1. Let me confirm something: among K210, K227, which residue is under 17 Å from T288 (Cα atoms), basic (K, R), out of contact with any Pro (no Cβ under 8 Å at 6 or more places or on another chain) and open to solvent by 20 Å² or more (accessible area, probe 1.4 Å)?
2. Of the residues D38, D45, which is within 16 Å of ligand 2 (Cβ to nearest atom) and in contact (Cβ under 8 Å) with a residue 40 or more places away in the chain?
3. Is it the case that some residue within the stretch 85-100 is open to solvent by 30 Å² or more (accessible area, probe 1.4 Å), at pLDDT 95 or above, within 16 Å of ligand 1 (Cβ to nearest atom) and of a type in the set (D, E, K, R)?
4. At least 2 residues that are more than 30 Å from S104 (Cβ to Cβ) in each: list the helices (runs of 4 or more DSSP H) lying fully within the stretch 240-300 that qualify.
5. Before we move on, is K43 open to solvent by less than 50 Å² (accessible area, probe 1.4 Å), of a type in the set (K, R) and touching an Asp or Glu at 6+ places or on another chain (Cβ under 8 Å)?
6. How many residues, within the stretch 250-263, are open to solvent by 30 Å² or more (accessible area, probe 1.4 Å), touching a Phe, Trp or Tyr at 6+ places or on another chain (Cβ under 9 Å) and more than 18 Å from F240 (Cβ to Cβ)?
7. Please specify each residue of the stretch 45-92 satisfying the condition of being part of a helix (DSSP H, G or I) and under 21 Å from D155 (Cβ atoms).
Amino acid sequence: MNSKTVIAHRGASGYLPEHTIASKIMAHAMNVDFIEQDLVLSKDDVPIVIHDIYLDDVTDVAKKFKDRKRVDGRYYVIDFTLDELKTLIVTERFNPKTGKQVYSNRFPIWKGNFKLHSLQEEIELIQSLNKTTGKNIGIYPEIKNPAFHNNEGKDISTIVLKILSENGYKTKKDRCILQCFDTRELERIRKELQSNLTLVQLIESVEETKQFKHFANYADGVGPWYKLMLSEIVDEKFTFTSLVNDAHKLGLVVHPYTFRADQLAEFDSFEQMMQVILIEGKADGGFTDFPDLMVNFLKH
Ligand code: G3P
Ligand code: CA
C-alpha cells in the first residue's frame, strides 16, 4: 500500500450514484484504503448512509410521499422509518427545483434500481468483501449535522458509536476513522463519549485553520477543503498556505476533500491536481469521487 490514504468519497461516486451499495462495491474493487459513509438518522433511529438530512435531491420521495414535506418544501430523512426509506429509488444527484442532474456526465438520472441502506448493512458489505478478497479496506463514517439531530431529540453520535463498537471498530488500531464538521461534537465524542477511534476534524473556513492547537487536544487529523491548502498561482506554479505544516507540527494528518475529475477548477488535469495537493502540498491523502484515478496516480 502506498503511503497516501485514498478515501472513496461517497463510494466510487464519479461512476455510480453516491452512497449506493453498487458505488461501494466498485470502490472496494478499486483498492482504496477507506470507503466513506455520511450518516443521518431515520425516524426510528437507524443511521442511514446518505449525504444530506434531505431526501429530495437523490431519491423519488417527492413522487412517492408527496404529502410528507415540511413547510420549507423539503423531505427529511428523519421523518421516515427505515421501512419507508427502503421503498424509495435512489438516483444520481439532481436539483429538486429543476430536476436537472448536478454532474451531467455522470451516471444517467433515474436509470437503474438503487436503494438506501443503513450503516450496519454497509459495514457488513465491506467486512464481507474484505473476507472474500483478502483486503482490509476501512470505513470512514461522518456524523452529519449533530445540532440538527439534537434539535430533533436524537443523539446521533451515541447511536453511531454503539454500532461501530458492536462491529469491532473501537480503537485507533481498527480500520475506522470518524469525521465531523461540528468541532464541539467531535470534542464531545473524544472527551464525553470517550471514543478511542481515530478522529478527523473537518474544516471549511480559513478561521478554522487557526484552531489546530485546540483540535490536536482531541483529534488525530484534519479534513480541510483542499482550496485552504492553496495560497496563489504564479506563472502556473502553485504556492501553499501553512496549513499542512501547521497540522504536521502538531501530529495531525491532513485528508483534504474533494478530488473530482469532472470539477478541476484551477487545475488542468486530475493528475496535476494530485501532483499539487499530494506531492508538492504534502497532504497525507484525501477524498475522491474517482478512486481509480487516485490509486493509479499513486502507483507511479
Ligand atoms: O467528509 C469529507 C467530505 O465528504 C466533506 O464534504 O460535504 O462531501 O461531506 P461532504
Ligand atoms: Ca462527507
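The values are calculated or read from the model by the stated rules, or taken from the named source; none is laboratory data. Note that this is a predicted model, so its numbers are computed, not measured. Note that we place each Cβ from the backbone using ideal geometry, even for glycine, and neighbour counts take in every protein chain shown. In case anyone asks, the SASA skips ligands and DNA or RNA and just uses the protein heavy atoms, side chains included. Shrake-Rupley method; radii C 1.70, N 1.55, O 1.52, S 1.80 Å.
1. Details: K210 fails: under 17 Å from T288 (Cα atoms).
None of the other options fit; the residue is K227.
2. Values: D45 fails: within 16 Å of ligand 2 (Cβ to nearest atom).
After ruling out the rest, the residue left standing is D38.
3. For the stretch 85-100, residues open to solvent by 30 Å² or more (accessible area, probe 1.4 Å), at pLDDT 95 or above, within 16 Å of ligand 1 (Cβ to nearest atom) and of a type in the set (D, E, K, R): present.
4. Numbers: elements: 243-249, 270-274, 291-299.
Counting at least 2 such residues, we get 243-249.
5. Numbers: open to solvent by less than 50 Å² (accessible area, probe 1.4 Å): no; of a type in the set (K, R): yes; touching an Asp or Glu at 6+ places or on another chain (Cβ under 8 Å): yes.
For K43, the condition - open to solvent by less than 50 Å² (accessible area, probe 1.4 Å), of a type in the set (K, R) and touching an Asp or Glu at 6+ places or on another chain (Cβ under 8 Å) - is not met.
6. Kept after step one, since they are open to solvent by 30 Å² or more (accessible area, probe 1.4 Å), are these residues of the stretch 250-263: 250-251, 253, 257, 260-263.
Cutting the leftovers down to touching a Phe, Trp or Tyr at 6+ places or on another chain (Cβ under 9 Å) gives us 250, 257, 260-263.
If we keep only those that are more than 18 Å from F240 (Cβ to Cβ) too, we end up with 260-263.
Matching residues across the stretch 250-263 total 4.
7. Answer for the stretch 45-92, where residues must be part of a helix (DSSP H, G or I) and under 21 Å from D155 (Cβ atoms): V77, I78, D79, L82, L85.
Per-residue answers, yes or no, for (1) surrounded by 15 or more Cβ atoms within 10 Å (Cβ to Cβ); (2) within 16 Å of ligand 2 (Cβ to nearest atom); (3) part of a loop (DSSP other than H, G, I, E, B):
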position	(1), (2), (3)
N130	yes, no, no
N136	no, no, yes
H149	yes, yes, no
G153	no, no, yes
K162	no, no, no
I177	yes, yes, no
R184	no, no, no
E187	yes, no, no
S205	no, no, yes
